[in-house]
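Worksheet for the structure shown next.
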Amino acid sequence: MDIIKALKRRNFSKLQRAIKGGPGSGNFGHGGRPGQRGGSAPSGGGSSAPAGGGIDAAAEMIDFGDNDVSDDIADYHMDRMSEGALRENFGHIADEQADDEELREVGRDVIMGDERVAEDFFWEMPEHRQLGLIRRNLDEQDVKQLGLD
């Protein structure tokens with residue numbers, strides 16, 4: 001592949017992320033978060049909490065690629081999804097004859113295998129579950145600074 005074409009594609013995808021939200025944002029029937037993509041907090045001295053606070057700011061600090069985080073999100077959703085919802089979300093990946101348990105395994109693998117999907121599913125959790133995940137995965141000082149203690 002021509003390197004110029006590859007660079008042009010890369011720049012286009014950055015522009016697309018800024019306009020529509022990160023890759024994978026908007027998956028599974030819900031909208032993306034324009035210009036947002038979660039991920040790890042920046043390194044450096046002092047608190048890494050962004051100004052403003054709240055769940056949106058905390059989500060920017062969460063590493064959705066971390067196994068503990070994605071496992072927590074997968075556990076929540078896989079325990080609650082009906083077979084119909086599982087088939088709708090993950091049936092295109094699983095075998096057509098997959099049963100409920102196989103669909104749950106596929107769903108878990110998908111959520112844990114892609115931090116963008118884990119973040120999408122984070123936004124589908126009720127607020128009290130989001131707060132629990134945030135409190136378990138950010139340090140106490142950041143949680144307090146964000147007003148989520």
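The values are calculated or read from the model by the stated rules, or taken from the named source; none is laboratory data. For clarity, every value in this text was computed on a predicted model and none was experimentally measured. Note that we place each Cβ from the backbone using ideal geometry, even for glycine, and neighbour counts take in every protein chain shown.
Laid out as a table, the results:
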quantity: Pairs with Cβ under 8 Å, 6+ apart, first in the stretch 108-127 and surrounded by fewer than 17 Cβ atoms within 10 Å (Cβ to Cβ), second part of a loop (DSSP other than H, G, I, E, B); calculated: E124/H30
quantity: Residue check, G38 assigned to a loop (DSSP other than H, G, I, E, B), crowded, with 20+ Cβ neighbours inside 10 Å and either of a type in the set (V, I, T) or modelled with pLDDT under 85 (or both); calculated: yes
quantity: From the options D66, D149, residue that is modelled with pLDDT of 90 or more and of a type in the set (D, E, K, R); calculated: D66
